[in-house]
1. Starting from the Cα of Trp150, step 7 Å toward the Cβ, then list every residue of region 121-144 with an amide N under 18 Å from that point.
2. Where does each of 118-130, 17-29 land if you order them by average Cβ count within 10 Å, highest first?
3. Between His129 and Asp11, what is the spin-label point distance in nm, taking each point 7 Å from the Cα along the Cα→C-beta axis?
4. Could you give the nm distance between label points at Trp136 and Ser46, where each point is 7 Å from its Cα heading toward the beta carbon?
5. Quick one: Karplus J couplings for region 143-150, per residue in order, coefficients 6.51, -1.76, 1.60, θ = phi - 60°, nearest Hz, x for Gly and Pro?
6. When the scattering of the chain is computed by the Debye formula from its Cα atoms alone, each counted once and equally, what is log10 I(q)/I(0) at q = 0.11, 0.18 Å⁻¹?
7. Can you tell me the relative contact order of the chain? Whole percent, Cα pairs under 8 Å, sequence separation 6 or more.
8. What FRET efficiency comes out for Arg104 versus Asp68 if R0 is 25 angstrom and r is the Cβ-Cβ distance? Round to the nearest 0.05.
Amino acid sequence: MSFSIAVQTQDFDVGREYAELVAGDTAAGAVVFFVGRVRDMNHARSVSSMSLEHYPGMTENILQQILDEAKVRWNLIATRIVHRVGELHLGEQIVFVGVTSAHREHAFQAAEYLMDFLKTQAPFWKKEHIGDSDYWVEEKEGDLKALQRWR
């Protein structure tokens, strides 16, 4: 698998993503992955579903830039980013970030870095649905602060 990204509407299989991430690789002593899901609450509001929009072409280019930067910063063996778009319901998977490295420090840091950049720099727009109303989700101050540690 090496280093790859996917932006897609269909769900992904975490077990398959993991298996492909480590396939044929005995040098990876560390595998770290994160799966983000649609939760039922945000800012004390009950969420019923969400919609994720993106700018095709631009999104993939930005994700590739983020991935390339992680490869420069850490000694990585393989990385996989899968981000879903479209209408998503409670409990559905949104994002998979998987990283392998010879050592856990590199894998953990790279996975955090990738998620921090996905949350703040990738061109995805999230709209949460609450009963009969919708609202666009704005950047959170905590996400922006997390991003600053990598600069």
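1. Residues 121-125, 139-144 fall inside that zone.
2. Ranked by mean Cβ neighbours within 10 Å, highest first: 118-130, 17-29.
3. In this crude label model, His129 to Asp11 measures out at 1.7 nm.
4. Placing both labels 7 Å along Cα→Cβ, they lie 2.7 nm apart.
5. 5, 5, 5, 4, 5, 4, 5, 8
6. Ignoring solvent entirely, the Cα scatterers give -0.43, -1.10.
7. This gives 33 percent for the chain.
8. The pair Arg104/Asp68 has a calculated efficiency of 0.70.
Coordinate-derived values only; no laboratory data. On a predicted model such as this, the values are computed, not experimentally measured, just so you know. Positions of Cβ are generated from backbone atoms using ideal geometry, with glycine treated the same way; all protein chains shown enter the neighbour counts.
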